[in-house]
Each structure stands twice: as C-alpha cells, then as structure tokens.
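This report refers to the structure that appears directly beneath it.
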Amino acid sequence: MAIPKVVGFVLLLGIAIFSSKVAECAPFGSRRGLLETVFDVTKFGARPNTEADSARGFMMAWRSACQSSGPAKLVIPPGTFTTGETIFQGPCSSPRPITIEIQGTVLSATDISLYTRGAWISIEHVDGIVVTGGGTLNGQGNSSWQYADKSGSTPPLPSSLVFQTVKSSSVNNINFVDSKGVHLKITDSSDITVSKIKITAPGTSPNTDGLHISQTININVTDSDIGTGDDCIGIGDGTSNVYISNINCGPGHGISIGSLGKRLNEKDVKGIIIRNCTFHSTSNGARIKTYMGSPSLQVSDVVYEDLILDNVKNPIVIDQHYHSKDRNEPSKVKLVDIHFKNIRGTTNSKAPVALNCSEALPCDGIELVDIDLAPIGNIGPLLAATCQNAKTILGGKNNPPAC
C-alpha cells in the first residue's frame with residue numbers, strides 16, 4: 001500500500017533529525033579498517049571564543065573516548081578555547097588508536113595557581129595516542145615568564161604538553177607557541193614519534209625548552225622547526241635509542257644532552273643520533289653538559305653528524321663543570337664514544353670547540369671528523385679547539401685545529 005505524502009514527509013524528517021544527532025559522534029573509517037567514533041569537545045560543554053574554562057568539557061570528551069568500545073577521535077574544532085590544567089588519563093578500554101585532533105587554537109589560562117602538577121595538558125598512562133590536526137597550543141607564557149626561576153630552587157613553570165608513561169604514540173602537525181615552561185615534554189615513555197611540529201617562543205623567554213625527553217626508550221624526532229629561549233631539544237637521563245633528524249633550531253641553546261647528574265638515581269644515556277640539523281643564531285650547536293658533584297652514570301654511543309651552523313656561538317661543547325659555582329666535587333658522569341662528524345658553518349666565537357671533561361672520569365673516544373668552521377664578523381682567526389681531560393680521535397679536516 002502506498003504511504004501518504006504527509007506521513008512520508010514526517011518519516012523523512014525524523015530520519016534527518018536522527019541522522020544529525022548521530023553525527024555528533026559519527027563513526028569514520030580508521031587507518032586500520034575499524035570504525036572510528038568522533039567525540040567533539042563542544043558537545044561536552046567546551047565553549048569556543050569565550051574566556052570560559054573549557055577544561056571540564058575537554059576531559060569529559062576524553063573520558064568518553066577513552067571508554068569507547070572502538071577506535072576513537074577527540075576533536076577540538078576550529079575556534080579559540082581556553083583551559084587551565086587538563087588531564088587525559090588512562091588506561092583506556094578503547095582499542096588503539098585514540099586520536100586527539102586539534103583543529104583550532106587552545107589558550108592556556110594565565111593564572112599559574114591553576115597548575116598544580118607542573119603541566120598544562122598532560123596525557124598519562126595510555127598506549128596508542130596520536131596528537132595531530134594542524135592546530136595550535138598557545139601557552140601565553142609572556143604573562144608568567146617573570147616568575148621563572150633560573151636557579152632551579154623552585155618548581156618550573158608548567159609545560160604545555162606532557163606525555164607521561166605513554167607507549168606507541170605520536171605527535172605531528174601541531175604548533176606550539178609561548179609555553180610557560182617546556183613546550184613538549186616526554187618522560188617515562190617508549191616508542192614515540194614526533195614529526196612536523198613547529199615551536200615558537202622569543203629567544204629571551206626563560207626555561208622554555210622546545211622538546212625535553214627523559215626516561216624514554218625509542219623516540220624519533222624529525223622534520224620540525226624549533227625556536228625558543230632554551231634548548232631546542234634537551235635529552236635527559238634514562239633515555240636511549242633516540243634519532244633526531246632534519247630539525248631547524250633557532251633561536252635557542254642548541255640540541256643538548258643534559259644537564260645530567262643534578263639528582264641522585266639518574267640513569268645512563270645511550271644510543272643518541274642527531275643528524276642533518278641546522279642551527280641559526282643559537283648559543284650552542286652540539287652540547288653535552290653534566291653537573292659537578294654528580295652521581296655515577298654514563299653517556300655512550302652518541303653521534304652528532306651532518307650539522308649546518310649559521311652564526312652559532314659554541315658549535316661543539318662538552319661542559320662537565322656545569323654549575324661549578326654550586327658544587328666543588330668533579331662530575332662522575334662518564335662520557336664514552338662521542339662522535340662529532342661533518343659539522344660546518346659559521347661561528348661568532350673565537351674558541352668554537354671546547355671539550356671540558358671531568359677530572360675524575362676523563363672522556364674516552366671523543367671523535368672529531370670533518371669539522372669546518374669559519375668566523376663571522378670581526379672576531380679574527382679562530383683559536384684551536386680546547387681539550388681538558390679528553391681523549392680524542394681525529395679524522396678528515398679539522399678547522400679550527402683539533403687538540
């Protein structure tokens with residue numbers, strides 16, 4: 001029997017309304033062929049383009065995504081959202097992956113009393129997280145940098161994004177601007193990929209490392225632009241199997257291993273490759289720094305290779321007398337098998353290569369191969385490399401002359 005036109009219209013209207021409701025959490029095909037359910041933070045109370053704190057809406061959307069029975073995507077849509085401390089915590093029942101897609105801009109609330117855990121946005125105890133989307137995390141750090149403590153006697157200002165105990169995850173295609181503290185911090189994690197990120201902060205901003213890695217195994221960092229007021233990338237204790245490539249660094253303090261040996265029970269660092277990176281007007285290029293009076297640990301199997309320097313103050317530096325004014329005993333961090341290879345460009349320092357190793361544990365196997373540096377400005381000819389307690393292996397060209 002034919003359906004009357006009025007009844008048919010009502011039926012179609014009902015289907016349309018039902019379809020629009022379903023679209024709020026609509027499934028999409030994931031890369032693994034499973035349906036992916038989308039959780040839009042605005043459906044959980046987050047409000048764009050206002051000064052209202054959207055942290056609760058973000059975390060409610062996360063909880064639903066984390067508890068999803070299938071792959072999930074948390075979406076922060078176009079617009080500007082403001083949040084204080086935001087925690088995305090697992091473990092999750094949702095099978096991997098869970099995607100956090102930041103399409104808009106998220107602003108960090110400027111009241112630093114809101115941040116009780118040293119982080120603005122933290123992702124904790126989860127596997128298979130993908131943070132992406134082309135959006136921006138703006139830490140609004142210029143409102144709080146005046147409170148930064150360079151002495152380290154008080155807790156640091158909050159990091160913008162922290163991976164804490166995260167496995168098999170990635171961050172890509174995200175912009176970081178003006179973090180209060182470290183822009184991206186990865187700790188106690190494994191099998192992490194960071195690629196195609198852009199980090200921007202003034203060269204005068206204090207303690208605003210671009211990426212800081214510690215207690216992490218197997219991490220690749222590639223194809224990114226990082227300019228901050230501190231290390232572009234800093235590698236802390238307990239880190240191994242790191243590959244860093246195609247990084248444009250500047251302004252900043254270069255790509256550093258350390259500082260190491262500040263605290264008891266720190267762990268060894270090994271298997272670090274830093275290759276094909278460019279440094280623009282940085283205070284350092286390739287740097288390793290350890291505290292005096294440190295506990296015993298070792299740094300081994302490190303390669304800095306194929307680096308291009310543009311107006312860099314300290315292209316190659318080992319400093320095992322870091323914070324020497326605070327401690328009298330020599331560093332007990334052993335450096336072995338450290339390779340500086342094919343490093344070339346310009347420097348504004350008369351003494352661009354300094355290997356200042358520990359009196360207690362001299363450096364072994366420090367290789368300098370194909371180093372070619374030229375002065376910039378009116379500083380005159382470069383001085384020969386300086387070496388203190390360093391056993392060097394030389395190869396190829398060494399300009400300035402190696403020690």
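Starting from segment 148-176, keep only residues that are closer than 14 Å to Tyr115 by Cα and hydrophobic (A, V, I, L, M, F, W, C), then list their pairs with residues that are at pLDDT below 95 and part of a loop (DSSP other than H, G, I, E, B) whose Cβ atoms are within a distance under 7 Å, requiring at least 6 positions of separation or different chains.
Qualifying pairs under 7 Å: Leu157/Ala148.
Quick one: Glu329 ticks every box in (1) without any contact (Cβ under 8 Å) to a residue 60 or more places away in the chain; (2) among the charged types (D, E, K, R); (3) outside any loop (DSSP other than H, G, I, E, B) bar one, so which box is it?
(3)
Hey, can you tell me all the residues within segment 278-320 that are closer than 15 Å to Gly258 by Cα and of a type in the set (Phe, Trp, Tyr)?
Tyr291, Tyr304
Please go through (1) closer than 16 Å to Gly285 by Cβ; (2) in contact with a strand residue (DSSP E or B) (Cβ under 7 Å, 6 or more places away or on another chain) for Lys350 and return the number of the only condition it doesn't satisfy.
Only one criterion is unmet by Lys350, namely (2).
Restricting to strands (runs of 3 or more DSSP E) lying wholly in segment 168-285: which have 2 or more residues that are over 14 Å from the mean Cα position of the chain (by Cα) and over 29 Å from Arg96 (Cβ atoms)? Explain how you work it out, then say what you get.
Working: elements: 175-177, 184-187, 190-195, 198-200, 211-214, 217-227, 233-235, 240-249, 255-260, 269-280.
Of the strands (runs of 3 or more DSSP E) lying wholly inside segment 168-285, those with at least 2 residues that are over 14 Å from the mean Cα position of the chain (by Cα) and over 29 Å from Arg96 (Cβ atoms) span 255-260, 269-280.
Quickly run through segment 57-101 and pick out the residues that are among the hydrophobic types (A, V, I, L, M, F, W, C), touching a strand residue (DSSP E or B) at 6+ places or on another chain (Cβ under 8 Å) and over 16 Å from Ala119 (Cβ atoms).
Residues of segment 57-101 among the hydrophobic types (A, V, I, L, M, F, W, C): 58-62, 65-66, 72, 74-76, 81, 87-88, 92, 98, 100.
From what is left, the residues that are touching a strand residue (DSSP E or B) at 6+ places or on another chain (Cβ under 8 Å) are 58-59, 61-62, 65-66, 72, 74-76, 81, 87-88, 92, 98, 100.
If the condition is that a residue be among the hydrophobic types (A, V, I, L, M, F, W, C), touching a strand residue (DSSP E or B) at 6+ places or on another chain (Cβ under 8 Å) and over 16 Å from Ala119 (Cβ atoms), then Ala61, Ala65, Cys66, Ala72, Leu74, Val75, Ile76, Phe81, Cys92, Ile98 are the ones that fit.
Would you call Lys289 modelled with pLDDT of 95 or more and more than 24 Å from the chain's Cα centre (by Cα)?
It is false that Lys289 is modelled with pLDDT of 95 or more and more than 24 Å from the chain's Cα centre (by Cα).
In segment 160-182, which residues are over 18 Å from Ser195 (Cβ atoms) and touching a Lys or Arg at 6+ places or on another chain (Cβ under 9 Å)?
Scanning segment 160-182 gives Val162, Gln164, Val177.
How many residues does segment 203-253 hold that are over 23 Å from Asn142 (Cβ atoms) and surrounded by 22 or more Cβ atoms within 10 Å (Cβ to Cβ)?
11
Is at least one residue of segment 119-133 surrounded by fewer than 19 Cβ atoms within 10 Å (Cβ to Cβ) and part of a loop (DSSP other than H, G, I, E, B)?
For segment 119-133, residues surrounded by fewer than 19 Cβ atoms within 10 Å (Cβ to Cβ) and part of a loop (DSSP other than H, G, I, E, B): absent.
If Asp306 satisfies every condition in (1) under 25 Å from Thr193 (Cβ atoms); (2) at pLDDT below 95; (3) not polar (S, T, N, Q) but one, which is the exception?
(2)
Can you confirm whether segment 368-387 contains a residue that is touching an Asp or Glu at 6+ places or on another chain (Cβ under 9 Å), among the charged types (D, E, K, R) and more than 16 Å from Ile318 (Cβ to Cβ)?
no
The values are calculated or read from the model by the stated rules, or taken from the named source; none is laboratory data. The model shown is predicted, which means the values in this text are computed figures rather than measured ones. So basically every Cβ, Gly included, is an ideal-geometry build from the backbone, and we count neighbours across all protein chains shown.
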